[in-house]
1. Could you check the range 347-361 and list, in sequence order, the residues that are closer than 15 Å to D311 by Cα, modelled with pLDDT of 95 or more and not β-branched (V, I, T)?
2. So which of E143, E119 ends up being of a type in the set (D, E) and modelled with pLDDT of 75 or more?
3. Mind telling me which of the residues D330, D301 ends up being surrounded by fewer than 17 Cβ atoms within 10 Å (Cβ to Cβ) and in contact (Cβ under 8 Å) with a residue 60 or more places away in the chain?
4. With the checklist (1) closer than 21 Å to A361 by Cβ; (2) surrounded by fewer than 20 Cβ atoms within 10 Å (Cβ to Cβ); (3) acidic (D, E) in hand, flag the one item D195 doesn't pass.
5. Name the pairs: first residue in the range 352-363 and without any contact (Cβ under 8 Å) to a residue 40 or more places away in the chain and not assigned by TED's automatic domain parsing to the domain that holds H275, second residue exposed (fewer than 13 other Cβ atoms within 10 Å of the Cβ) and not in a strand (DSSP E or B), Cβ to Cβ under 9 Å, at least 6 apart or on different chains?
6. When you go through (1) in contact with a Ser or Thr (Cβ under 9 Å, 6 or more places away or on another chain); (2) assigned to a strand (DSSP E or B); (3) surrounded by fewer than 20 Cβ atoms within 10 Å (Cβ to Cβ) one by one for F224, which number turns out not to apply?
7. Quick check on my filter: what residues within the range 47-79 are in contact with a Cys (Cβ under 8 Å, 6 or more places away or on another chain), surrounded by 24 or more Cβ atoms within 10 Å (Cβ to Cβ) and not hydrophobic (A, V, I, L, M, F, W, C)?
8. Restricting the search to the range 267-297, which residues are at pLDDT 90 or above and among the charged types (D, E, K, R)?
Amino acid sequence: MTLMKVLLVEDEQSMLFTLSNLLKHRGYEVIAADSAEKGLEELGDDQVDLVISDLRLPGMDGISLITEVRERCEDVVPIIISAYGTLGNAIDALKLSVCDFLRKPFDLSTFEETLSRAEQRRNQLLAYKKYVLDLKENLLGEERRRTMLSRFVSKHVVDRIMSSGELPARAGQTQKVSVLFADISDFTGLSEKLDQKSLVFIVNTFYAALESVMVQYGGSLDKFMGDGIMMVFGNSTTAQENASHALEAAVQIQGKMDEIRRELQRFELPEISIHIGVCTGMATACSIGTEKRLAYTHIGDAVNLAKRLQDLAGPGEVLVSEATVSELADYVDSIPGLVGLHPLQPLVIKGRKGQVVVYRAEFAISHSNGK
């Protein structure tokens, strides 16, 4: 491990001594202080990789300290320690991209796990910074175009545009894809009970968990929809793989719910559940809108049915279309956590003729029904 320098600020002398020794034993160069003012004075013009600070300090508090250190060391990774894990503190920490909010009391193994995550975050930041600098040197013009495009479309679409040199056509490209819709159950009820800051925190926590799963299984973000999200799986070589990845993502998203609930409980926020719909079929990827404002999205019957299935799913459920199940014939047994696909009574779905065969995914993941 590359030697890192840490600014440690903690007004409890015993805690300061213990954490300082642990950091030194781990190979860090440590600047230790019992107040923010002393820490900044000892830091001077030096650069640090990590800053670990108690939230409540005599004089300047931890958030203000991190803000000040950030002005001197833009790539520093912060960790906040506090016995007061309020929502407001968490929001302030999120704004500063705090790596971890460590709530007292904690044991040393928890602290070491936090350090490992911070080291990983720091290494990722350095790797990303090097990557960006290399791009600026060699492909500055291309990077500017890529950055601009990534604000409006997914990475997969950006790659396609950059490789072909053409913007997506209004008419679009039609192919077989698997579509996943996920939505927070009874978000209207939550909106009536909670303030806006709490709602934003819940939705952002939900989105962050979903994004990691989407990237893991090769999905593309089509759109955010308030308290919901639409993903498209169409990047694999076969329709079967796309369907498998979509259902794997759905199962893993439900598996993330306990983690999400624990995070919300830390700030005394209510538990949430989500409901998911997955459908496979033809969809058209296209640009829609006006000349002044375009959006890249997928439209078609598969998209509509996936949304209908999401609406019909109960809290904690994943409903899957017959077309998706047909594609999964050779993949069902290989999907982690999936126990089976249980056929429901044929359903009448608004906007569709006749009855629709739907399956409910059964998975070995415990979850609250959220009712």
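1. Keep residues of the range 347-361 that are closer than 15 Å to D311 by Cα, which gives 347-352, 356, 358-360.
Cutting the leftovers down to modelled with pLDDT of 95 or more gives us 358-360.
Those that are closer than 15 Å to D311 by Cα, modelled with pLDDT of 95 or more and not β-branched (V, I, T): Y359, R360.
2. On the way: E143 fails: modelled with pLDDT of 75 or more.
E119 is the lone residue from the list that is of a type in the set (D, E) and modelled with pLDDT of 75 or more.
3. Details: D301 fails: in contact (Cβ under 8 Å) with a residue 60 or more places away in the chain.
After ruling out the rest, the residue left standing is D330.
4. So D195 meets the others, but not (1).
5. none
6. Just one mismatch for F224, condition (1).
7. Within the range 47-79, P78 is the sole residue that qualifies.
8. Matches in the range 267-297: E268, E271.
The values are calculated or read from the model by the stated rules, or taken from the named source; none is laboratory data. It should be emphasised that the depicted structure is a prediction, and the values quoted were computed from it without experimental measurement. Reconstructed Cβ throughout: ideal geometry from the backbone, glycine too, with neighbour counts over all protein chains shown.
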